[in-house]
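**Student:** Encoded as structure tokens, here's the structure I'll be asking about.
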Amino acid sequence: MGSMFRSEEMALCQLFLQSEAAYACVSELGELGLAQFRDLNPDVNIFQRKFVNEVRRCDEMERKLRYLEKEIKKDGIPMMDSGENVEAPQPREMIDLEATFERLENELREVNQNAEALKRNFLELTELKHILRRTQVFFDERVTSEIGDSIAANLIEDEVVVTRLGLKSLTAVEGLGFVAGVILRERIPAFERLLWRACRGNVFLRQAEIDNTLEDPATSDQVYKSVFIIFFQGDQLKTRVKKICEGFRATLYPCPETPNDRREMAVGVMTRIEDLNTVYLDLYQLRF
């Protein structure tokens, strides 16, 4: 029974070409689309063939073109497609194309690396800005009954000391340390439970959600994060708290103890954020 997929009648031909003219002849035959080539050296390893270096060069240029196309589509830049098959370039033109693709790829990769570094710095400064704002609210709050139960009862043996001192801020407790940082919002419940169990209730955690989403510089995804501050006493608890923060991939930032230092740091952070916005705008214009 014959197959429904039948080709036109074909003839087996053999061409003898000079090596200098072989590229141009094969290119013309390929443009016509009427020839099918047969492999007369099936037993020869593919890496031992004469044209393997040229094929590798073409594969490398194709990879660079795919990378450029991906970056163009990612930025939403329209590309014109005429729908026509471009003729195969001459060997001399391929050298120029190879150099052009190499230069464009290197420039684009360098721009992307600089942009990623700027985004990472911008993210760190933005998180630090939120930490300074939120922790100022935490420090300004007076000691409530909840804090008295969790901090005073566990960290200070004599509860009368707390009442006698009339503490107005958490940092007023002598020897009480703290760490502040940022963590993904969905990890907060498990993070809080592990802190309580690992530290046996001898730490006090305060957290507040960041209203705006933050961009992850590695994946460019928008993520929700929360600011937290943990109060503790002693180097042993400090080491334990930092290990737990590292396990949950929380980012810790330095936070001054005095309001004046926090205010001064916040002003510096805002100035650096404005400078980064200006630099990133210039880099974005350079990209296009």
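The values are calculated or read from the model by the stated rules, or taken from the named source; none is laboratory data. Treat the numbers as computed from the prediction; the structure is a model and nothing was measured. Every residue, glycine as well, gets a Cβ built from its backbone with ideal geometry; the counts of neighbours run over all protein chains shown. Please note that ligands, DNA and RNA were not included when accessible areas were found on the heavy atoms of the full protein model with its side chains. Shrake-Rupley method; radii C 1.70, N 1.55, O 1.52, S 1.80 Å.
**Student:** Run the numbers on the stretch 190-288 and let me know its relative contact order in percent, using alpha-carbon pairs under 8 Å that are six or more apart.
**Tutor:** Across the stretch 190-288, relative contact order equals 21 percent.
**Student:** Report the trypsin sites (Lys or Arg not before Pro) located in the stretch 22-72 that are in a DSSP loop and have at most 11 other Cβ atoms inside 10 Å of their Cβ, or state none.
**Tutor:** Taking the stretch 22-72 and a limit of 11 other Cβ atoms within 10 Å, the loop trypsin sites (Lys or Arg not before Pro) found are ARG38, LYS50.
**Student:** Explain nothing, just the number: dipole magnitude of the stretch 40-90 about its Cα centre with +1 on each Lys and Arg Cβ and -1 on each Asp and Glu Cβ, in debye rounded to the nearest 20.
**Tutor:** 280
**Student:** Follow-up question, since we're still on this one. Could you calculate the FRET efficiency of TYR280 with ARG133 from 1/(1 + (r/R0)^6), where r is the beta carbon distance between them and R0 is 22 Å, rounded to 0.05?
**Tutor:** Between TYR280 and ARG133 the formula returns 0.45.
**Student:** For the stretch 207-288, which whole-number percentage of the solvent-accessible area (1.4 Å probe, protein heavy atoms only) is attributable to carbon and sulfur atoms?
**Tutor:** Result for the stretch 207-288: 49 percent of the exposed heavy-atom area is carbon or sulfur.
**Student:** Based solely on C-alpha atoms, express the radius of gyration and the Dmax of the stretch 48-113 in angstrom.
**Tutor:** Spelled out, the Cα radius of gyration and Dmax of the stretch 48-113 are 13.9, 43 Å.
**Student:** Over the stretch 1-101, give the accessible area per residue in Å² for a 1.4 Å probe, as an integer.
**Tutor:** 96
**Student:** Rounded, prolate or oblate: which fits the stretch 173-277 when a ≥ b ≥ c are the square roots of the eigenvalues of the alpha-carbon gyration tensor, with rounded for a/c under 1.5 and prolate only if a/b beats b/c?
**Tutor:** oblate
**Student:** Additional query: Is the shape of the stretch 1-135 rounded, prolate or oblate, going by the alpha carbon gyration tensor and its root eigenvalues a ≥ b ≥ c, with a/c under 1.5 for rounded and a/b larger than b/c for prolate?
**Tutor:** Cα axes put the stretch 1-135 in the prolate bin.
**Student:** Okay, moving on. Per residue, how much accessible area does the stretch 175-236 show when a 1.4 Å probe rolls over the protein heavy atoms, in square angstrom?
**Tutor:** Dividing the accessible area of the stretch 175-236 by its residue count gives 51 Å².
**Student:** In straight Cα distance, which lysines are under 26 Å from LYS119, not counting same-chain residues fewer than 8 positions off?
**Tutor:** Once the sequence-local lysines are set aside, what remains near LYS119 is LYS64, LYS70, LYS73, LYS74, LYS129, LYS225, LYS242.
**Student:** In addition: Mind running the shape call on the stretch 202-264? Use the C-alpha gyration tensor, a ≥ b ≥ c as the square roots of the eigenvalues: rounded below 1.5 for a/c, prolate if a/b tops b/c, oblate otherwise.
**Tutor:** Taking the square roots of the gyration eigenvalues as a ≥ b ≥ c, the stretch 202-264 is oblate.
**Student:** Can you compute 3J(HN,Hα) from phi for each residue in the stretch 85-100, using the Karplus curve 6.51 cos²θ - 1.76 cosθ + 1.60 with θ = phi - 60°, rounded to whole Hz and x for Gly and Pro?
**Tutor:** Each residue of the stretch 85-100 in turn: 7, 6, 5, 5, x, 6, x, 5, 5, 5, 5, 5, 5, 4, 5, 5 Hz.
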